[in-house]
Amino acid sequence: MTLDPHVFVLFGGTGDLSKRLVLPALLDLSKANPDLDFVVLATARAELNDAQYRDEVVRGMVEVGGITKREAERFAKKRLYFQTLDNDPTPDDYERIRDKADGLAKKHGIGGNRVYYLALPPGAFEMTAGWLGHTGMNAEQNGWVRIVVEKPFGHDLASARHLNAVLHRYFDEHQIYRIDHYLAKETVQNLLVFRMANPIFERLWNRDTIERVDILVAETVDVGTRGGYYDHAGATRDMIQNHLTQLFTLVAMEIPAATDADAIRAEKVKVLRSTLPVGRRDAVFGQYTAGTVDGREVIGYRQAPKVRPDSDTPTFASFRLHVENWRWQGVPFVLTTGKALRERVSEIVVTFRTPPVAFFRDVEGASVAPNQLRFELQPDEAFTLSFGVKRPGDGFVVVPQHFSFDYNQAFGEPAPAYRTLVEDIIRGDQTLFVHADEVEASWTLYDPVLRRSRTVYPYPAGSGGPQEATKLTPLVGAADAP
Ligand code: BG6
């Protein structure tokens with residue numbers, strides 16, 4: 001599919017997200033498509049002219065790393081423009097943006113295609129979408145118009161519904177791109193391919209053969225300087241409602257009838273609607289206290305900047321989901337995430353049932369570990385299937401061995417997630433973006449758990465999480481813990 005010429009309007013153009021992820025992705029796009037006519041019109045509160053903004057972006061990109069000063073300068077000069085936008089804007093401000101975008105389009109022979117990328121704090125989504133609507137910038141008269149919304153999409157079911165309603169007042173669903181950057185990770189996309197292209201596993205993908213599924217995203221990073229945002233979000237809103245739930249839907253959904261965005265997203269919504277909201281006994285929460293992660297001293301969560309000293313915001317959450325459909329009834333899906341943990345690992349472990357008759361039961365020293373299929377998403381990118389094999393020698397001593405496949409060895413480094421997302425927005429491919437129904441169905445699972453009172457168990461930074469979580473899932477890094 002070819003990429004159409006367009007003006008990429010970047011709201012929040014001086015923010016961290018723009019500098020670290022969106023602008024480097026646009027630079028990559030420019031490098032890969034030198035003849036593509038596109039320009040970036042960034043907006044932010046700062047009083048900058050085009051040249052000053054370019055200098056700031058070049059400095060930021062070089063600081064982030066991986067980009068030379070020369071290529072950043074070339075990109076900035078060829079593609080980047082800036083327009084100041086007050087925090088409390090008037091219609092005139094938006095009209096100025098519209099006119100500048102139109103002027104640039106004319107100058108570069110681009111036409112009417114527009115991307116509006118909201119790299120903004122979530123509180124500003126509604127207002128920005130509203131002004132785009134009021135000034136007619138949402139209309140697809142002379143080309144396509146697409147709006148891109150970053151996460152978090154709402155902070156509960158009601159606010160997500162409200163935000164969807166506001167967006168739908170001005171934009172059709174086919175124009176709305178809700179980002180979940182996990183969907184653009186190659187290893188995550190491979191979950192779909194793995195299921196669709198390998199029927200030998202698909203036949204086993206059900207309650208008859210599978211005992212449980214564990215989805216883990218463990219981080220070693222702590223909250224750092226993000227306390228202002230994180231203390232209102234916590235692990236459920238920051239990671240589970242979006243990233244881990246996306247992983248869950250890809251593993252649990254039915255195989256779609258086609259590979260287009262609508263068919264895939266419809267199946268994801270169906271499995272979410274077959275899943276029960278998280279029950280009281282299916283949730284464990286934790287919060288890290290001071291400790292050491294990878295030899296680095298970490299202060300306790302409550303001592304972090306902008307965190308309330310008596311905060312009960314969880315930095316760790318583990319939920320057991322129950323899917324009430326014919327394929328999965330009775331198979332627990334355990335979703336676990338946490339910050340300041342012992343190890344950084346994202347993986348999905350599918351545990352198969354053990355043999356119905358324990359043939360080796362009476363043999364001394366023998367036990368049969370279940371077959372496991374492990375999708376390692378990051379930092380290692382691989383999958384592994386474990387088998388029990390006979391250890392040579394007397395008797396039937398069964399030990400696990402693995403078949404594995406390593407992504408990087410086979411294909412080299414994957415493309416960064418934001419490059420894939422930016423390209424898909426311009427192509428008009430919504431497969432890796434979250435549909436309105438999907439986001440609401442996902443909030444439905446967690447809304448009750450967010451409202452209920454809860455116990456938040458402390459765990460030292462650098463540990464495997466709170467001991468209480470073992471009732472749902474093994475502790476992070478338990479296998480290699482001293
Ligand atoms: C973000 C969360 O969406 O994802 C962060 O806000 C988290 O808290 C990050 O650290 C994890 O992303 P990745 O790609 O590093 O696994």
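Quick notes
Residue-wise test of (1) under 21 Å from residue 337 (Cβ atoms); (2) in contact with a Gly (Cβ under 7 Å, 6 or more places away or on another chain).
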site	(1), (2)
277	yes, no
282	yes, no
286	yes, yes
296	yes, no
301	yes, no
305	no, yes
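- Inspection of region 161-168 identifies at least one residue that is farther than 28 Å from residue 260 by Cβ and free of Cβ contacts under 8 Å to residues at least 60 places away in the same chain.
- Condition check for residue 262 on (1) within 16 Å of residue 441 (Cβ to Cβ); (2) modelled with pLDDT of 95 or more; (3) under 20 Å from the mean Cα position of the chain (by Cα); (4) open to solvent by 10 Å² or more (accessible area, probe 1.4 Å): one failure, at (2).
- Residue within region 445-455 that is assigned to a helix (DSSP H, G or I) and over 30 Å from residue 273 (Cβ atoms) present: no
- Taken together, the residues in region 400-444 that are assigned to a helix (DSSP H, G or I), open to solvent by 40 Å² or more (accessible area, probe 1.4 Å), of a type in the set (D, E, K, R) and more than 15 Å from the ligand (Cβ to nearest atom) amount to 3.
- The sole residue among 181, 168, 134 that is within 13 Å of the ligand (Cβ to nearest atom) and either touching a Cys at 6+ places or on another chain (Cβ under 6 Å) or not hydrophobic (A, V, I, L, M, F, W, C) (or both) is 181.
- Matching residues, region 311-353, being within 16 Å of the ligand (Cβ to nearest atom) and either without any contact (Cβ under 8 Å) to a residue 24 or more places away in the chain or under 14 Å from residue 282 (Cβ atoms) (or both): 317, 335, 336
- When region 206-225 is limited to residues that are in contact with a strand residue (DSSP E or B) (Cβ under 7 Å, 6 or more places away or on another chain) and of a type in the set (Ser, Thr, Tyr), the one that is farthest from the ligand (Cβ to nearest atom) turns out to be 209.
- Candidates 275, 245, filtered to the one that is open to solvent by less than 20 Å² (accessible area, probe 1.4 Å) and away from the ligand (no atom under 16 Å from the Cβ): 275
- Scanning region 348-359 for residues that are farther than 16 Å from residue 400 by Cβ and either modelled with pLDDT of 95 or more or buried (at least 18 other Cβ atoms within 10 Å of the Cβ) (or both) yields a single hit, 348.
- Residue check, residue 45 open to solvent by 60 Å² or more (accessible area, probe 1.4 Å) and under 25 Å from the mean Cα position of the chain (by Cα): no
- Residue satisfying condition, being within 22 Å of residue 415 (Cα to Cα) and over 19 Å from the mean Cα position of the chain (by Cα), within set 212, 195, 178, 207: 195
- Yes/no for residue 228 being within 16 Å of the ligand (Cβ to nearest atom) and modelled with pLDDT under 95: yes
- Condition check for residue 115: closer than 17 Å to residue 25 by Cβ, free of Cβ contacts under 8 Å to residues at least 60 places away in the same chain and surrounded by 16 or more Cβ atoms within 10 Å (Cβ to Cβ): no
- The residues on offer are 237, 308, 296, and the sole one that is more than 13 Å from the ligand (Cβ to nearest atom), touching a residue at least 12 places away in the same chain (Cβ under 8 Å) and open to solvent by 10 Å² or more (accessible area, probe 1.4 Å) is 308.
The values are calculated or read from the model by the stated rules, or taken from the named source; none is laboratory data. Everything numeric here is computed off the predicted structure, so don't read it as measured data. Quick reminder, even Gly has a Cβ in these numbers, built from the backbone with ideal geometry, and neighbours come from all protein chains shown. When the accessible area is computed, the model is the full protein with side chains, heavy atoms only, and any ligands, DNA or RNA have been set aside. Shrake-Rupley method; radii C 1.70, N 1.55, O 1.52, S 1.80 Å.
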